[in-house]
1. Tally the residues that are within 14 Å of another protein chain (Cβ to nearest Cβ) and not small (G, A, S), restricting the search to the range A:9-28.
2. Of the residues in the range B:29-43, how many are buried (at least 23 other Cβ atoms within 10 Å of the Cβ) and either within 14 Å of chain A (Cβ to nearest Cβ) or among the aliphatic types (A, V, I, L, M) (or both)?
3. Working only within the range B:140-165, note down all residues that are within 9 Å of chain A (Cβ to nearest Cβ), part of a loop (DSSP other than H, G, I, E, B) and either under 20 Å from the mean Cα position of the chain (by Cα) or touching a residue at least 40 places away in the same chain (Cβ under 8 Å) (or both).
4. Can you pull out the strands (runs of 3 or more DSSP E) entirely within the range B:171-276 that have at least 2 residues that are away from chain A (no Cβ under 14 Å) and not hydrophobic (A, V, I, L, M, F, W, C)?
5. Please specify each residue of the range B:99-138 satisfying the condition of being surrounded by fewer than 19 Cβ atoms within 10 Å (Cβ to Cβ) and part of a loop (DSSP other than H, G, I, E, B).
6. Evaluate the following for A:A83: is it more than 14 Å from chain B (Cβ to nearest Cβ) and modelled with pLDDT under 95?
2 protein chains.
Amino acid sequence: MTQSAAPQTSAPIGVFDSGLGGLTVLRAIRERLPAEGTVYLGDTARVPYGPKAAETIRRYAIEATDFLLDSGVKAIVVACNTATARALPEVEARAGVPVLGVVEPGGRAAATASREGRIGVIGTRGTISSRAYNAVIHSHRPDAVVLEQACPLFVPLVEEGWTEDEVTRLTAERYLAPLLEQGIDTLVLACTHYPLLKPLLARVVGDDVALIDSAESTAASLERLLLSESLSNTSGLSTPARYYVTDEAARFDLLARRLLGEEVDHLEVVSVDSTG
Amino acid sequence: MTQSAAPQTSAPIGVFDSGLGGLTVLRAIRERLPAEGTVYLGDTARVPYGPKAAETIRRYAIEATDFLLDSGVKAIVVACNTATARALPEVEARAGVPVLGVVEPGGRAAATASREGRIGVIGTRGTISSRAYNAVIHSHRPDAVVLEQACPLFVPLVEEGWTEDEVTRLTAERYLAPLLEQGIDTLVLACTHYPLLKPLLARVVGDDVALIDSAESTAASLERLLLSESLSNTSGLSTPARYYVTDEAARFDLLARRLLGEEVDHLEVVSVDSTG
(Lines give C-alpha, C1' and ligand atoms only; values in the text may rest on other atoms or scores of the structure.)
Protein backbone atom coordinates (compact mmCIF):
# COMPACT_ATOMS: atom_id res chain seq x y z
CA MET A 1 0.00 0.00 0.00
CA THR A 2 1.52 3.27 -1.08
CA GLN A 3 0.13 6.75 -1.10
CA SER A 4 -0.58 7.93 -4.62
CA ALA A 5 2.21 10.11 -5.91
CA ALA A 6 1.63 13.71 -6.96
CA PRO A 7 0.66 13.77 -10.63
CA GLN A 8 3.35 14.55 -13.14
CA THR A 9 2.99 17.82 -15.02
CA SER A 10 3.42 15.85 -18.24
CA ALA A 11 0.30 13.82 -17.40
CA PRO A 12 -2.74 14.49 -19.57
CA ILE A 13 -5.93 16.42 -18.81
CA GLY A 14 -9.00 14.17 -18.53
CA VAL A 15 -12.21 15.42 -20.12
CA PHE A 16 -15.53 13.62 -19.98
CA ASP A 17 -19.02 14.12 -21.29
CA SER A 18 -22.13 12.01 -21.65
CA GLY A 19 -21.52 11.99 -25.39
CA LEU A 20 -19.67 13.93 -28.05
CA GLY A 21 -20.73 17.50 -27.20
CA GLY A 22 -17.78 17.82 -24.81
CA LEU A 23 -15.50 17.70 -27.86
CA THR A 24 -16.15 21.45 -28.26
CA VAL A 25 -14.69 21.91 -24.76
CA LEU A 26 -11.76 19.65 -25.63
CA ARG A 27 -11.22 21.69 -28.78
CA ALA A 28 -11.14 24.95 -26.80
CA ILE A 29 -8.68 23.38 -24.33
CA ARG A 30 -6.40 22.14 -27.09
CA GLU A 31 -6.45 25.52 -28.80
CA ARG A 32 -5.62 27.39 -25.61
CA LEU A 33 -3.23 24.81 -24.09
CA PRO A 34 -1.48 23.09 -27.00
CA ALA A 35 1.27 21.69 -24.76
CA GLU A 36 -1.18 19.56 -22.75
CA GLY A 37 -2.01 15.97 -23.53
CA THR A 38 -5.69 15.04 -23.29
CA VAL A 39 -7.82 11.97 -22.66
CA TYR A 40 -11.46 12.28 -23.72
CA LEU A 41 -14.21 9.94 -22.55
CA GLY A 42 -17.63 10.14 -24.18
CA ASP A 43 -20.16 7.92 -22.43
CA THR A 44 -22.00 7.37 -25.71
CA ALA A 45 -23.58 4.09 -24.52
CA ARG A 46 -25.60 6.04 -21.96
CA VAL A 47 -26.06 9.44 -23.61
CA PRO A 48 -28.04 11.56 -22.88
CA TYR A 49 -27.72 12.06 -19.12
CA GLY A 50 -30.20 14.95 -19.06
CA PRO A 51 -33.44 12.99 -18.61
CA LYS A 52 -31.95 10.53 -16.10
CA ALA A 53 -32.31 10.52 -12.32
CA ALA A 54 -29.70 12.45 -10.31
CA GLU A 55 -28.55 9.28 -8.54
CA THR A 56 -27.99 7.52 -11.88
CA ILE A 57 -26.01 10.49 -13.22
CA ARG A 58 -23.82 10.48 -10.09
CA ARG A 59 -22.98 6.81 -10.58
CA TYR A 60 -22.10 7.43 -14.24
CA ALA A 61 -19.92 10.42 -13.33
CA ILE A 62 -18.03 8.42 -10.71
CA GLU A 63 -17.43 5.63 -13.23
CA ALA A 64 -16.10 8.15 -15.75
CA THR A 65 -13.90 9.69 -13.06
CA ASP A 66 -12.43 6.29 -12.17
CA PHE A 67 -11.72 5.59 -15.83
CA LEU A 68 -9.87 8.89 -16.25
CA LEU A 69 -7.91 8.39 -13.01
CA ASP A 70 -6.87 4.95 -14.26
CA SER A 71 -5.63 6.74 -17.38
CA GLY A 72 -3.28 8.80 -15.19
CA VAL A 73 -4.78 12.25 -15.63
CA LYS A 74 -3.55 15.22 -13.57
CA ALA A 75 -6.85 17.12 -13.68
CA ILE A 76 -10.42 16.42 -14.74
CA VAL A 77 -12.79 18.62 -16.72
CA VAL A 78 -16.45 17.63 -16.46
CA ALA A 79 -17.41 18.81 -19.95
CA CYS A 80 -21.07 18.01 -19.49
CA ASN A 81 -23.55 20.47 -18.07
CA THR A 82 -25.77 17.75 -16.65
CA ALA A 83 -22.94 15.92 -14.89
CA THR A 84 -21.55 19.23 -13.61
CA ALA A 85 -24.91 20.32 -12.23
CA ARG A 86 -25.72 16.95 -10.65
CA ALA A 87 -22.43 15.37 -9.67
CA LEU A 88 -19.53 17.86 -9.40
CA PRO A 89 -19.08 17.51 -5.59
CA GLU A 90 -19.07 13.70 -5.91
CA VAL A 91 -16.46 13.84 -8.70
CA GLU A 92 -14.32 16.24 -6.64
CA ALA A 93 -14.52 13.98 -3.59
CA ARG A 94 -13.52 10.97 -5.66
CA ALA A 95 -10.82 12.45 -7.82
CA GLY A 96 -7.90 13.54 -5.63
CA VAL A 97 -6.81 15.76 -8.55
CA PRO A 98 -8.18 19.22 -9.46
CA VAL A 99 -11.64 19.11 -11.01
CA LEU A 100 -13.35 21.75 -13.12
CA GLY A 101 -16.94 21.79 -14.33
CA VAL A 102 -18.37 23.82 -17.19
CA VAL A 103 -20.93 25.80 -15.19
CA GLU A 104 -18.74 27.93 -12.92
CA PRO A 105 -16.46 29.26 -15.73
CA GLY A 106 -19.32 30.24 -18.04
CA GLY A 107 -21.43 31.68 -15.25
CA ARG A 108 -18.57 33.74 -13.86
CA ALA A 109 -17.58 35.01 -17.30
CA ALA A 110 -21.15 36.15 -17.88
CA ALA A 111 -21.37 37.88 -14.49
CA THR A 112 -18.14 39.72 -15.28
CA ALA A 113 -18.92 40.61 -18.89
CA SER A 114 -22.46 41.89 -18.46
CA ARG A 115 -22.83 45.67 -18.53
CA GLU A 116 -26.26 45.93 -16.94
CA GLY A 117 -26.44 42.55 -15.23
CA ARG A 118 -29.23 41.32 -17.49
CA ILE A 119 -28.06 37.86 -18.46
CA GLY A 120 -29.74 35.22 -20.60
CA VAL A 121 -28.83 31.53 -20.31
CA ILE A 122 -29.72 28.97 -22.99
CA GLY A 123 -29.21 25.23 -22.70
CA THR A 124 -30.91 21.86 -22.77
CA ARG A 125 -34.03 21.28 -20.71
CA GLY A 126 -31.98 19.46 -18.07
CA THR A 127 -29.39 22.22 -17.68
CA ILE A 128 -32.00 24.96 -17.47
CA SER A 129 -34.17 23.08 -14.97
CA SER A 130 -31.09 22.49 -12.78
CA ARG A 131 -30.81 26.31 -12.37
CA ALA A 132 -27.08 25.77 -11.92
CA TYR A 133 -26.05 28.78 -14.04
CA ASN A 134 -28.51 30.97 -12.21
CA ALA A 135 -26.84 30.06 -8.90
CA VAL A 136 -23.30 30.67 -10.17
CA ILE A 137 -24.16 34.01 -11.77
CA HIS A 138 -25.87 35.20 -8.58
CA SER A 139 -22.91 34.08 -6.47
CA HIS A 140 -20.70 36.46 -8.46
CA ARG A 141 -23.27 39.18 -9.04
CA PRO A 142 -26.14 39.04 -6.59
CA ASP A 143 -28.13 41.81 -8.31
CA ALA A 144 -28.09 40.12 -11.74
CA VAL A 145 -31.36 39.44 -13.52
CA VAL A 146 -30.98 35.95 -15.02
CA LEU A 147 -33.41 34.81 -17.71
CA GLU A 148 -33.21 31.14 -18.61
CA GLN A 149 -34.54 29.45 -21.72
CA ALA A 150 -34.42 25.76 -22.63
CA CYS A 151 -33.70 25.22 -26.34
CA PRO A 152 -34.16 21.47 -26.83
CA LEU A 153 -34.09 21.67 -30.63
CA PHE A 154 -30.60 23.17 -30.85
CA VAL A 155 -28.69 19.93 -30.19
CA PRO A 156 -30.49 17.95 -32.92
CA LEU A 157 -30.17 20.93 -35.30
CA VAL A 158 -26.40 20.99 -34.70
CA GLU A 159 -26.20 17.22 -35.10
CA GLU A 160 -28.13 17.51 -38.37
CA GLY A 161 -25.52 20.02 -39.53
CA TRP A 162 -28.08 22.81 -40.01
CA THR A 163 -25.91 25.41 -38.31
CA GLU A 164 -26.58 28.01 -41.01
CA ASP A 165 -30.16 27.40 -41.93
CA GLU A 166 -33.52 29.10 -42.17
CA VAL A 167 -35.12 26.49 -39.90
CA THR A 168 -32.45 27.08 -37.25
CA ARG A 169 -32.76 30.86 -37.55
CA LEU A 170 -36.55 30.69 -37.07
CA THR A 171 -36.10 28.32 -34.14
CA ALA A 172 -33.51 30.62 -32.54
CA GLU A 173 -35.73 33.67 -33.03
CA ARG A 174 -38.58 31.82 -31.34
CA TYR A 175 -36.47 30.72 -28.37
CA LEU A 176 -34.65 34.03 -27.91
CA ALA A 177 -37.54 36.46 -28.40
CA PRO A 178 -38.59 36.44 -24.71
CA LEU A 179 -34.98 37.08 -23.60
CA LEU A 180 -34.45 39.89 -26.11
CA GLU A 181 -37.77 41.48 -25.11
CA GLN A 182 -36.49 41.51 -21.53
CA GLY A 183 -33.39 43.39 -22.64
CA ILE A 184 -30.57 40.94 -21.96
CA ASP A 185 -27.09 42.34 -22.69
CA THR A 186 -25.26 38.99 -22.31
CA LEU A 187 -26.15 35.48 -23.41
CA VAL A 188 -24.48 32.33 -22.05
CA LEU A 189 -24.27 29.37 -24.43
CA ALA A 190 -24.71 26.82 -21.65
CA CYS A 191 -24.54 23.69 -23.78
CA THR A 192 -21.50 22.08 -25.32
CA HIS A 193 -23.15 21.81 -28.75
CA TYR A 194 -23.93 25.51 -29.01
CA PRO A 195 -20.50 26.89 -29.98
CA LEU A 196 -21.29 25.64 -33.50
CA LEU A 197 -24.33 27.96 -33.54
CA LYS A 198 -22.38 31.02 -32.46
CA PRO A 199 -22.34 32.84 -35.83
CA LEU A 200 -26.08 32.35 -36.32
CA LEU A 201 -26.93 33.26 -32.72
CA ALA A 202 -24.75 36.38 -32.96
CA ARG A 203 -26.85 37.58 -35.90
CA VAL A 204 -30.12 36.79 -34.12
CA VAL A 205 -29.20 38.64 -30.92
CA GLY A 206 -27.36 41.52 -32.61
CA ASP A 207 -24.21 43.43 -31.69
CA ASP A 208 -25.48 44.71 -28.36
CA VAL A 209 -25.59 41.30 -26.73
CA ALA A 210 -22.30 39.65 -25.68
CA LEU A 211 -22.13 35.90 -26.28
CA ILE A 212 -20.36 33.84 -23.60
CA ASP A 213 -19.12 30.49 -24.86
CA SER A 214 -18.88 28.07 -21.93
CA ALA A 215 -16.30 25.96 -23.74
CA GLU A 216 -13.89 28.89 -24.11
CA SER A 217 -14.54 30.07 -20.56
CA THR A 218 -13.78 26.57 -19.28
CA ALA A 219 -10.48 26.41 -21.19
CA ALA A 220 -9.48 29.79 -19.75
CA SER A 221 -10.36 28.63 -16.21
CA LEU A 222 -8.40 25.43 -16.73
CA GLU A 223 -5.33 27.43 -17.72
CA ARG A 224 -5.58 29.45 -14.49
CA LEU A 225 -6.16 26.29 -12.45
CA LEU A 226 -3.11 24.51 -13.87
CA LEU A 227 -0.96 27.57 -13.21
CA SER A 228 -2.17 27.97 -9.64
CA GLU A 229 -1.62 24.27 -8.91
CA SER A 230 1.79 24.22 -10.66
CA LEU A 231 0.46 21.54 -13.00
CA SER A 232 1.09 23.20 -16.37
CA ASN A 233 3.06 20.98 -18.69
CA THR A 234 6.50 22.53 -18.96
CA SER A 235 8.25 19.23 -19.59
CA GLY A 236 8.14 19.50 -23.35
CA LEU A 237 6.74 15.96 -23.19
CA SER A 238 3.17 15.33 -24.12
CA THR A 239 1.02 12.34 -24.96
CA PRO A 240 -1.09 12.43 -28.11
CA ALA A 241 -4.78 13.14 -27.66
CA ARG A 242 -6.67 9.94 -26.85
CA TYR A 243 -10.40 9.38 -27.32
CA TYR A 244 -12.61 6.79 -25.67
CA VAL A 245 -16.31 6.14 -26.15
CA THR A 246 -18.47 3.57 -24.37
CA ASP A 247 -20.36 2.61 -27.53
CA GLU A 248 -19.53 3.31 -31.12
CA ALA A 249 -22.38 5.63 -31.98
CA ALA A 250 -23.79 5.77 -35.46
CA ARG A 251 -22.27 8.65 -37.41
CA PHE A 252 -19.62 9.02 -34.72
CA ASP A 253 -16.94 10.12 -37.16
CA LEU A 254 -18.95 12.79 -38.92
CA LEU A 255 -20.34 14.28 -35.74
CA ALA A 256 -17.06 14.09 -33.84
CA ARG A 257 -15.20 15.82 -36.67
CA ARG A 258 -17.84 18.53 -36.75
CA LEU A 259 -17.68 19.16 -33.00
CA LEU A 260 -13.91 18.79 -32.62
CA GLY A 261 -13.00 20.60 -35.82
CA GLU A 262 -10.51 17.92 -36.84
CA GLU A 263 -10.21 14.16 -37.32
CA VAL A 264 -10.49 11.95 -34.23
CA ASP A 265 -7.48 9.64 -34.03
CA HIS A 266 -6.63 7.08 -31.32
CA LEU A 267 -10.24 6.12 -30.70
CA GLU A 268 -11.15 3.12 -28.57
CA VAL A 269 -14.44 1.72 -27.36
CA VAL A 270 -14.31 0.91 -23.64
CA SER A 271 -16.68 -0.20 -20.90
CA VAL A 272 -16.92 1.92 -17.74
CA ASP A 273 -20.11 0.38 -16.33
CA SER A 274 -19.15 -0.90 -12.89
CA THR A 275 -22.28 -3.07 -12.79
CA GLY A 276 -21.49 -4.73 -16.15
CA MET B 1 -40.60 -28.33 -12.61
CA THR B 2 -43.82 -27.79 -14.52
CA GLN B 3 -44.45 -26.90 -18.09
CA SER B 4 -45.68 -23.35 -18.41
CA ALA B 5 -49.43 -23.27 -18.87
CA ALA B 6 -51.06 -21.78 -21.96
CA PRO B 7 -51.67 -18.09 -21.35
CA GLN B 8 -55.14 -17.09 -20.29
CA THR B 9 -57.12 -15.04 -22.78
CA SER B 10 -57.74 -12.55 -19.96
CA ALA B 11 -54.00 -11.98 -19.62
CA PRO B 12 -52.72 -8.58 -20.77
CA ILE B 13 -50.82 -7.59 -23.91
CA GLY B 14 -47.22 -6.56 -23.21
CA VAL B 15 -45.88 -3.55 -25.09
CA PHE B 16 -42.35 -2.25 -24.82
CA ASP B 17 -40.32 0.59 -26.24
CA SER B 18 -37.00 2.21 -25.50
CA GLY B 19 -38.91 5.22 -24.18
CA LEU B 20 -42.31 6.83 -24.43
CA GLY B 21 -42.83 6.82 -28.21
CA GLY B 22 -44.39 3.37 -28.02
CA LEU B 23 -47.32 4.97 -26.18
CA THR B 24 -48.75 5.90 -29.61
CA VAL B 25 -48.76 2.18 -30.43
CA LEU B 26 -50.35 1.38 -27.07
CA ARG B 27 -52.95 4.06 -27.77
CA ALA B 28 -53.80 2.52 -31.16
CA ILE B 29 -54.05 -0.93 -29.51
CA ARG B 30 -56.34 0.34 -26.76
CA GLU B 31 -58.56 2.11 -29.28
CA ARG B 32 -58.88 -0.95 -31.51
CA LEU B 33 -58.97 -3.61 -28.75
CA PRO B 34 -60.65 -2.00 -25.73
CA ALA B 35 -61.32 -5.38 -24.08
CA GLU B 36 -57.60 -6.15 -23.72
CA GLY B 37 -55.53 -5.34 -20.66
CA THR B 38 -52.08 -3.89 -21.34
CA VAL B 39 -48.69 -3.67 -19.65
CA TYR B 40 -46.37 -0.99 -21.04
CA LEU B 41 -42.64 -0.89 -20.38
CA GLY B 42 -40.65 2.17 -21.41
CA ASP B 43 -36.91 1.67 -20.92
CA THR B 44 -36.46 5.38 -20.23
CA ALA B 45 -33.20 4.84 -18.32
CA ARG B 46 -31.53 3.69 -21.53
CA VAL B 47 -33.41 5.62 -24.22
CA PRO B 48 -32.57 6.06 -27.07
CA TYR B 49 -31.62 2.64 -28.42
CA GLY B 50 -30.98 3.96 -31.94
CA PRO B 51 -27.30 4.95 -31.59
CA LYS B 52 -26.36 1.85 -29.57
CA ALA B 53 -24.62 -1.29 -30.78
CA ALA B 54 -26.82 -4.15 -32.01
CA GLU B 55 -25.56 -6.48 -29.29
CA THR B 56 -26.44 -3.93 -26.59
CA ILE B 57 -29.93 -3.47 -28.05
CA ARG B 58 -30.47 -7.24 -28.08
CA ARG B 59 -29.59 -7.48 -24.39
CA TYR B 60 -31.97 -4.64 -23.55
CA ALA B 61 -34.77 -6.24 -25.59
CA ILE B 62 -34.33 -9.59 -23.83
CA GLU B 63 -34.44 -7.87 -20.45
CA ALA B 64 -37.66 -6.10 -21.44
CA THR B 65 -39.10 -9.38 -22.70
CA ASP B 66 -38.31 -11.11 -19.40
CA PHE B 67 -39.96 -8.29 -17.48
CA LEU B 68 -43.14 -8.53 -19.54
CA LEU B 69 -43.22 -12.35 -19.25
CA ASP B 70 -42.90 -12.01 -15.47
CA SER B 71 -45.93 -9.71 -15.69
CA GLY B 72 -47.93 -12.60 -17.20
CA VAL B 73 -48.55 -11.24 -20.70
CA LYS B 74 -50.13 -13.42 -23.40
CA ALA B 75 -48.45 -11.63 -26.32
CA ILE B 76 -45.70 -9.05 -26.79
CA VAL B 77 -45.61 -6.03 -29.08
CA VAL B 78 -42.15 -4.61 -29.69
CA ALA B 79 -43.29 -1.00 -30.12
CA CYS B 80 -39.82 0.26 -30.96
CA ASN B 81 -38.48 0.37 -34.49
CA THR B 82 -34.88 -0.04 -33.36
CA ALA B 83 -35.59 -3.06 -31.16
CA THR B 84 -37.76 -4.58 -33.89
CA ALA B 85 -35.08 -4.13 -36.52
CA ARG B 86 -32.24 -5.37 -34.33
CA ALA B 87 -33.72 -7.91 -31.93
CA LEU B 88 -37.09 -9.33 -33.08
CA PRO B 89 -35.81 -12.91 -33.67
CA GLU B 90 -34.15 -12.93 -30.23
CA VAL B 91 -37.35 -11.69 -28.56
CA GLU B 92 -39.38 -14.34 -30.42
CA ALA B 93 -36.99 -17.09 -29.38
CA ARG B 94 -37.15 -15.97 -25.75
CA ALA B 95 -40.82 -15.22 -25.40
CA GLY B 96 -42.82 -18.44 -25.85
CA VAL B 97 -45.86 -16.22 -26.54
CA PRO B 98 -46.76 -14.54 -29.85
CA VAL B 99 -44.56 -11.55 -30.67
CA LEU B 100 -45.27 -8.69 -33.05
CA GLY B 101 -42.91 -5.93 -34.14
CA VAL B 102 -43.83 -2.58 -35.67
CA VAL B 103 -41.97 -3.01 -38.95
CA GLU B 104 -43.83 -5.88 -40.63
CA PRO B 105 -47.34 -4.40 -40.11
CA GLY B 106 -46.43 -0.93 -41.43
CA GLY B 107 -44.36 -2.29 -44.30
CA ARG B 108 -47.05 -4.72 -45.39
CA ALA B 109 -49.79 -2.08 -45.16
CA ALA B 110 -47.71 0.20 -47.40
CA ALA B 111 -47.04 -2.55 -49.93
CA THR B 112 -50.77 -3.26 -50.09
CA ALA B 113 -51.97 0.35 -50.16
CA SER B 114 -49.61 1.73 -52.75
CA ARG B 115 -51.14 2.24 -56.20
CA GLU B 116 -47.92 2.48 -58.20
CA GLY B 117 -45.53 0.82 -55.79
CA ARG B 118 -43.61 4.04 -55.15
CA ILE B 119 -43.27 4.09 -51.38
CA GLY B 120 -41.52 6.58 -49.11
CA VAL B 121 -40.38 5.63 -45.62
CA ILE B 122 -39.51 8.21 -42.96
CA GLY B 123 -38.03 7.46 -39.55
CA THR B 124 -35.12 8.08 -37.23
CA ARG B 125 -31.59 7.70 -38.52
CA GLY B 126 -31.32 4.29 -36.85
CA THR B 127 -34.52 2.92 -38.38
CA ILE B 128 -33.66 4.16 -41.86
CA SER B 129 -30.10 2.86 -41.75
CA SER B 130 -31.40 -0.57 -40.66
CA ARG B 131 -33.26 -0.79 -44.02
CA ALA B 132 -35.80 -2.99 -42.23
CA TYR B 133 -38.85 -1.39 -43.89
CA ASN B 134 -37.23 -1.69 -47.28
CA ALA B 135 -36.86 -5.44 -46.76
CA VAL B 136 -40.45 -5.95 -45.56
CA ILE B 137 -41.95 -3.90 -48.38
CA HIS B 138 -39.94 -5.80 -50.99
CA SER B 139 -40.92 -9.13 -49.44
CA HIS B 140 -44.56 -8.25 -50.11
CA ARG B 141 -44.06 -6.34 -53.35
CA PRO B 142 -40.75 -7.15 -55.03
CA ASP B 143 -41.16 -4.50 -57.74
CA ALA B 144 -41.72 -1.63 -55.29
CA VAL B 145 -39.49 1.43 -55.44
CA VAL B 146 -38.71 2.32 -51.81
CA LEU B 147 -37.29 5.74 -50.98
CA GLU B 148 -36.07 6.17 -47.42
CA GLN B 149 -35.42 9.41 -45.59
CA ALA B 150 -34.13 9.89 -42.04
CA CYS B 151 -35.88 12.78 -40.26
CA PRO B 152 -33.94 13.19 -37.01
CA LEU B 153 -35.58 16.50 -36.11
CA PHE B 154 -39.11 15.14 -36.00
CA VAL B 155 -38.83 13.44 -32.60
CA PRO B 156 -37.55 16.56 -30.81
CA LEU B 157 -40.13 18.70 -32.64
CA VAL B 158 -42.90 16.39 -31.39
CA GLU B 159 -41.42 16.39 -27.89
CA GLU B 160 -41.32 20.19 -27.98
CA GLY B 161 -45.02 20.14 -28.85
CA TRP B 162 -44.51 21.97 -32.17
CA THR B 163 -46.79 19.61 -34.07
CA GLU B 164 -48.55 22.48 -35.86
CA ASP B 165 -45.79 24.96 -36.46
CA GLU B 166 -44.04 26.88 -39.20
CA VAL B 167 -40.65 25.46 -38.16
CA THR B 168 -42.01 21.93 -38.38
CA ARG B 169 -43.67 22.57 -41.73
CA LEU B 170 -40.41 23.93 -43.20
CA THR B 171 -38.49 20.99 -41.77
CA ALA B 172 -41.01 18.51 -43.20
CA GLU B 173 -40.89 20.20 -46.61
CA ARG B 174 -37.10 19.93 -46.58
CA TYR B 175 -37.08 16.26 -45.62
CA LEU B 176 -39.90 15.24 -47.93
CA ALA B 177 -38.95 17.20 -51.06
CA PRO B 178 -36.68 14.44 -52.47
CA LEU B 179 -39.40 11.82 -51.94
CA LEU B 180 -42.13 13.96 -53.52
CA GLU B 181 -39.88 14.77 -56.48
CA GLN B 182 -39.50 11.03 -57.01
CA GLY B 183 -43.29 10.68 -57.16
CA ILE B 184 -44.10 8.57 -54.09
CA ASP B 185 -47.78 7.65 -53.77
CA THR B 186 -47.51 6.22 -50.22
CA LEU B 187 -45.56 7.36 -47.17
CA VAL B 188 -44.88 5.14 -44.14
CA LEU B 189 -44.56 6.92 -40.79
CA ALA B 190 -41.93 4.53 -39.49
CA CYS B 191 -41.41 6.09 -36.08
CA THR B 192 -43.66 5.90 -33.06
CA HIS B 193 -43.56 9.67 -32.50
CA TYR B 194 -44.78 10.53 -35.99
CA PRO B 195 -48.52 9.84 -35.59
CA LEU B 196 -48.68 13.22 -33.82
CA LEU B 197 -47.40 14.86 -37.02
CA LYS B 198 -49.97 13.21 -39.27
CA PRO B 199 -52.17 16.28 -39.90
CA LEU B 200 -49.16 18.44 -40.79
CA LEU B 201 -47.52 15.75 -42.92
CA ALA B 202 -50.81 15.14 -44.75
CA ARG B 203 -50.88 18.80 -45.80
CA VAL B 204 -47.21 18.73 -46.87
CA VAL B 205 -47.55 15.60 -49.03
CA GLY B 206 -51.04 16.45 -50.37
CA ASP B 207 -54.08 14.29 -51.10
CA ASP B 208 -52.38 12.04 -53.65
CA VAL B 209 -50.03 10.42 -51.14
CA ALA B 210 -51.45 7.84 -48.73
CA LEU B 211 -50.06 8.00 -45.18
CA ILE B 212 -49.45 4.67 -43.44
CA ASP B 213 -49.36 4.95 -39.66
CA SER B 214 -47.25 2.08 -38.26
CA ALA B 215 -49.01 2.33 -34.90
CA GLU B 216 -52.44 1.73 -36.43
CA SER B 217 -51.12 -1.01 -38.72
CA THR B 218 -49.58 -2.75 -35.72
CA ALA B 219 -52.85 -2.62 -33.76
CA ALA B 220 -54.67 -4.12 -36.75
CA SER B 221 -52.07 -6.89 -37.07
CA LEU B 222 -52.31 -7.60 -33.34
CA GLU B 223 -56.08 -8.01 -33.64
CA ARG B 224 -55.59 -10.60 -36.43
CA LEU B 225 -52.85 -12.36 -34.46
CA LEU B 226 -54.98 -12.68 -31.31
CA LEU B 227 -57.89 -14.04 -33.36
CA SER B 228 -55.72 -16.59 -35.19
CA GLU B 229 -54.14 -17.75 -31.91
CA SER B 230 -57.48 -17.82 -30.06
CA LEU B 231 -56.07 -15.34 -27.57
CA SER B 232 -58.64 -12.54 -27.84
CA ASN B 233 -60.05 -11.60 -24.48
CA THR B 234 -63.62 -12.88 -24.46
CA SER B 235 -63.70 -13.40 -20.68
CA GLY B 236 -65.19 -10.03 -19.94
CA LEU B 237 -62.35 -9.74 -17.41
CA SER B 238 -59.56 -7.30 -17.96
CA THR B 239 -56.78 -5.80 -15.90
CA PRO B 240 -56.33 -2.02 -15.90
CA ALA B 241 -53.58 -0.61 -18.09
CA ARG B 242 -50.26 -0.67 -16.24
CA TYR B 243 -47.22 1.47 -17.05
CA TYR B 244 -43.61 0.88 -16.10
CA VAL B 245 -40.55 3.00 -16.83
CA THR B 246 -36.94 2.28 -15.90
CA ASP B 247 -36.19 5.87 -14.91
CA GLU B 248 -38.58 8.69 -14.19
CA ALA B 249 -37.77 10.97 -17.08
CA ALA B 250 -38.09 14.71 -16.75
CA ARG B 251 -41.41 15.90 -18.18
CA PHE B 252 -42.63 12.32 -18.22
CA ASP B 253 -46.22 13.25 -17.45
CA LEU B 254 -46.57 15.94 -20.09
CA LEU B 255 -44.92 13.92 -22.84
CA ALA B 256 -46.69 10.69 -21.94
CA ARG B 257 -50.08 12.41 -21.94
CA ARG B 258 -49.32 13.94 -25.32
CA LEU B 259 -48.28 10.61 -26.86
CA LEU B 260 -50.94 8.48 -25.19
CA GLY B 261 -53.75 10.97 -25.53
CA GLU B 262 -54.86 10.50 -21.92
CA GLU B 263 -53.52 10.48 -18.37
CA VAL B 264 -51.05 7.74 -17.42
CA ASP B 265 -52.25 5.96 -14.28
CA HIS B 266 -50.69 3.01 -12.44
CA LEU B 267 -47.12 4.11 -13.20
CA GLU B 268 -44.17 2.45 -11.50
CA VAL B 269 -40.41 2.84 -11.89
CA VAL B 270 -38.71 -0.55 -12.17
CA SER B 271 -35.25 -1.93 -12.90
CA VAL B 272 -34.86 -4.44 -15.72
CA ASP B 273 -31.07 -4.29 -16.02
CA SER B 274 -29.90 -7.88 -15.47
CA THR B 275 -26.38 -6.64 -14.78
CA GLY B 276 -27.54 -4.13 -12.13
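The values are calculated or read from the model by the stated rules, or taken from the named source; none is laboratory data. Quick caveat: nothing in here was measured; it's all calculated off a predicted structure. Note that each Cβ is placed from the backbone with ideal geometry, even for glycine, and that neighbours are counted across all protein chains shown.
1. Of all residues in the range A:9-28, those within 14 Å of another protein chain (Cβ to nearest Cβ) come to A:18-21.
This time we only want the ones that are not small (G, A, S), so: A:20.
Of the residues in the range A:9-28, 1 are within 14 Å of another protein chain (Cβ to nearest Cβ) and not small (G, A, S).
2. Our first condition is that a residue be buried (at least 23 other Cβ atoms within 10 Å of the Cβ); within the range B:29-43, this holds for B:29, B:36, B:39-43.
Among the residues that remain, those that are also either within 14 Å of chain A (Cβ to nearest Cβ) or among the aliphatic types (A, V, I, L, M) (or both) are: B:29, B:39, B:41-43.
Going through the range B:29-43 one residue at a time, the tally reaches 5.
3. Of everything in the range B:140-165, those that are within 9 Å of chain A (Cβ to nearest Cβ), part of a loop (DSSP other than H, G, I, E, B) and either under 20 Å from the mean Cα position of the chain (by Cα) or touching a residue at least 40 places away in the same chain (Cβ under 8 Å) (or both) turn out to be B:P152, B:L153.
4. Details: elements: B:186-189, B:210-213, B:242-245, B:267-269.
The qualifying strands (runs of 3 or more DSSP E) are B:242-245.
5. Result: B:R115, B:E116, B:G117, B:R131.
6. yes
Okay, residues lined up against (1) modelled with pLDDT of 90 or more; (2) within 14 Å of A:N81 (Cβ to Cβ):
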position	(1), (2)
A:V15	yes, yes
A:S18	yes, yes
A:T24	yes, yes
A:R27	yes, no
A:E31	yes, no
A:T38	yes, no
A:T44	no, no
A:Y49	no, yes
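Residues checked against (1) surrounded by fewer than 17 Cβ atoms within 10 Å (Cβ to Cβ); (2) among the acidic types (D, E):
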| residue | (1), (2) |
| --- | --- |
| B:I212 | no, no |
| B:S217 | no, no |
| B:S221 | no, no |
| B:R224 | yes, no |
| B:S228 | yes, no |
| B:T234 | yes, no |
| B:Y244 | no, no |
| B:D247 | no, yes |
| B:G261 | yes, no |
